[in-house]
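Inspection log for the structure reproduced underneath, given as structure tokens.
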Amino acid sequence: MVYPVPLSFSCVAGQTNFPWIRPSHLIKTLYSTCDIHMLLGGAQTFEEAKPALELFWSRFASIYPQHGVFRKIRESLGRISTSHLLPILVHGDEGTTYKRNGMLVLQFSGALGKGTRKTKTPDSWYKDLATYGIPMNLVKTALQTRLLTFLCPKDGEMYSSDPSVFKHIIDIVVDDWKQLEDSGIEIPAYGTVFPIVLGNKGDWSYLVTSANLERSYRRAPKGREQAKKYMDNPPGICHLCMGGTKEGDWEDLIVAKRLIRAARTCGTPPPWDVEPAWTRLLHDESPGGAQRFHRPDVWHTVHMGIGKAWVASSVKYVQFLTGESSVDKRVAVLSDDYMSFCEENSKVKYLKKFEAHTFGLKAPEPAASWNKAHLTATLMQWLQSYLEKFKDACDADLRLRFIAASSVVLAHFVFAMFCFVVLLCFGPVSVFAHSPGELRLRVQKP
Ligand SMILES: [Zn+2]
């Protein structure tokens, strides 16, 4: 299969003919081959997508009124309207090749999509916005929804040995996006359309490198020696707030709440010494907006971060319910229950069996040993089903009830996050207690 998009060749890491795909070339080709629907949630033309684009940007404006894109519209004195802005998200990650080497992948996707596996969104959702809202971009294959810009191997004199290679790649990619934001692309009988990058997404490892972050998780002190070194002026662990600096201990949730609120209202000093290329693109111009352009990957943070810690700690706590005397015997009982759960609910097992080290049960602190993100979600669901067998114990123990509710709470969290952050599907959301121990979200339809 050959797609007729022109390749560009730039000088990268001393190689003069390094191939990549300019987003401008790809978007123009998508239009000329009648594939522009991949960026318009299925709408075949900009004319068809016009009401959805207008709705998207009106909601976006209510959350980011000071975004540079609205200044651009004001300064155009009526020449540019929101129906001519195409919302885009850029994503970067380091993948793994068949030979297990690192490979930088830069790609982009349309913010308008065709929904999720759990929502039933018809292909023509954009004709009935009142019913379907604006669906997320989470279904269809990666070939249909994620559009490649750059591939670069890590090793072999590339970015692992020379960090300036990574910077150069970001630089030339941002230049192309900047040109698109400034000049747009001509769509016959519709006018000039301006692709607008809403953010740079990725796991924190990618964000640190692509946005020159000095304040990041990598500055969390490892051990007493480093903590001593940072004592007078701790550098901070988050590019969005001042967590981990002298302003507050991010591990104290009450303090963390204050730090997040302060970052939102007053902004924070730039988290970089060298401003990243991305800041050349339009971004939120309210305090801290330039750093908020860099969006953490929430799935990664939950599935490979706090979710893993939660599951390992939960298993360590619930193991007493098995009634067995040793850790190995308890793990064996839990393992059998997990395997039955997977079979009854058609879940992929990922693990052949639980061992004590799966959850760090013999270590001083519980720790999760798996590297499969989906397993975290399945284990949360299994914990809920396991604890349903111990109703009396749960009634008597608040912690067990918390653990049993974790998968439900996670689902609520993700749902609320989409409503607040992605803001595509619904109007304002409020959280209320439905009954003791159960939270519900009240959603106002637009
Ligand atoms: Zn933070």
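Give the residues of the range 241-278 that are in a helix (DSSP H, G or I), under 21 Å from residue 64 (Cα atoms), within 13 Å of the ligand (Cβ to nearest atom) and among the β-branched types (Val, Ile, Thr), sorted by residue number.
Residue satisfying the conditions is 260 alone.
Residues of the range 207-218 being of a type in the set (Ser, Thr, Tyr), within 14 Å of the ligand (Cβ to nearest atom) and in a helix (DSSP H, G or I), which ones?
Of everything in the range 207-218, just one residue is of a type in the set (Ser, Thr, Tyr), within 14 Å of the ligand (Cβ to nearest atom) and in a helix (DSSP H, G or I), namely 217.
Could you tell me whether any residue of the range 328-345 is surrounded by 19 or more Cβ atoms within 10 Å (Cβ to Cβ) and either touching an Asp or Glu at 6+ places or on another chain (Cβ under 6 Å) or not assigned by TED's automatic domain parsing to the domain that holds residue 304 (or both)?
yes
Is it the case that some residue within the range 219-231 is farther than 30 Å from residue 173 by Cβ, aliphatic (A, V, I, L, M), assigned to a loop (DSSP other than H, G, I, E, B) and away from the ligand (no atom under 12 Å from the Cβ)?
Among the residues of the range 219-231, at least one is farther than 30 Å from residue 173 by Cβ, aliphatic (A, V, I, L, M), assigned to a loop (DSSP other than H, G, I, E, B) and away from the ligand (no atom under 12 Å from the Cβ), which makes the answer yes.
Among all residue pairs at least 6 apart or on different chains, which show Cβ distances below 8 Å where the first residue, located in the range 222-251, is without any contact (Cβ under 8 Å) to a residue 12 or more places away in the chain and the second is outside any loop (DSSP other than H, G, I, E, B) and within 13 Å of the ligand (Cβ to nearest atom)?
That search, which allows pairs on different chains as well, returns 230/219; 248/255; 248/256; 248/258; 248/259; 249/255.
Checking the structure you have, find out if any residue of the range 137-156 is of a type in the set (Asp, Glu) and modelled with pLDDT of 85 or more.
Within the range 137-156 (the criterion being of a type in the set (Asp, Glu) and modelled with pLDDT of 85 or more), the answer is no, since none of the residues qualifies.
Scan 114, 99, 154, 167 and give me the residue that is over 23 Å from the mean Cα position of the chain (by Cα) and basic (Lys, Arg).
Only one candidate qualifies: 99.
The values are calculated or read from the model by the stated rules, or taken from the named source; none is laboratory data. Owing to the predicted nature of the structure, the values given are computational and were not obtained by experimental measurement. Positions of Cβ are generated from backbone atoms using ideal geometry, with glycine treated the same way; all protein chains shown enter the neighbour counts.
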